[in-house]
Amino acid sequence: MAEVTVKIWLGPSNQKALRVRKGSNLRSALMEAGFSPYQGRFRQLNCKGLGLCGSCKVLVAEESQLWERRSCQIQCFNDLEIKLQ
Ligand code: FES
């Protein structure tokens, strides 16, 4: 089974690396590993990955910049670096 690495920046000197199945949904992979892309009340009030609410946003590092993306709309086909908001 092919895997990719999702590097999660949690703070200035705190990062975790998750190995996930290639093609995994980022939101699902984060939640299965005990991380949440949600803040505050959106932990309960969200669209459960349907791509409608926008509350699952994470910052994705691409091309030396951080881009805000909905984690439920990302499939992990390559290694990723993200920052939880
Ligand atoms: S969970 Fe609602 S947009 Fe991702």
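Any read-out appearing in this document is the output of simple, stated calculations on the displayed coordinates, not a laboratory observation. Please read all numbers here as calculations on a predicted model, not as lab measurements. Here Cβ is always computed from backbone atoms with ideal geometry, including for glycine, and neighbour counts include all displayed protein chains.
Please specify each residue of the range 1-59 satisfying the condition of being over 20 Å from ASN78 (Cα atoms), polar (S, T, N, Q) and more than 10 Å from the ligand (Cβ to nearest atom).
SER13, ASN14, SER36, GLN39, GLN44
I need the full set of residues from the range 37-59 which are in contact with a strand residue (DSSP E or B) (Cβ under 8 Å, 6 or more places away or on another chain) and not in a strand (DSSP E or B), in order please. Walk me through it before giving the result.
Kept after step one, since they are in contact with a strand residue (DSSP E or B) (Cβ under 8 Å, 6 or more places away or on another chain), are these residues of the range 37-59: 37, 49, 51, 54, 56-59.
Hits for the range 37-59 are PRO37, GLY49, GLY51, GLY54, CYS56.
Please enumerate the residues belonging to the range 29-58 that are surrounded by 16 or more Cβ atoms within 10 Å (Cβ to Cβ) and either under 18 Å from ALA17 (Cβ atoms) or of a type in the set (Val, Ile, Thr) (or both).
At the first step, the residues of the range 29-58 found to be surrounded by 16 or more Cβ atoms within 10 Å (Cβ to Cβ) are 29-31, 35, 37-38, 42, 46, 49, 53, 55-58.
Scanning the range 29-58 gives ALA29, LEU30, MET31, PHE35, PRO37, VAL58.
Go through the range 60-85 and count every residue that is part of a strand (DSSP E or B), more than 14 Å from the ligand (Cβ to nearest atom) and not aliphatic (A, V, I, L, M).
6
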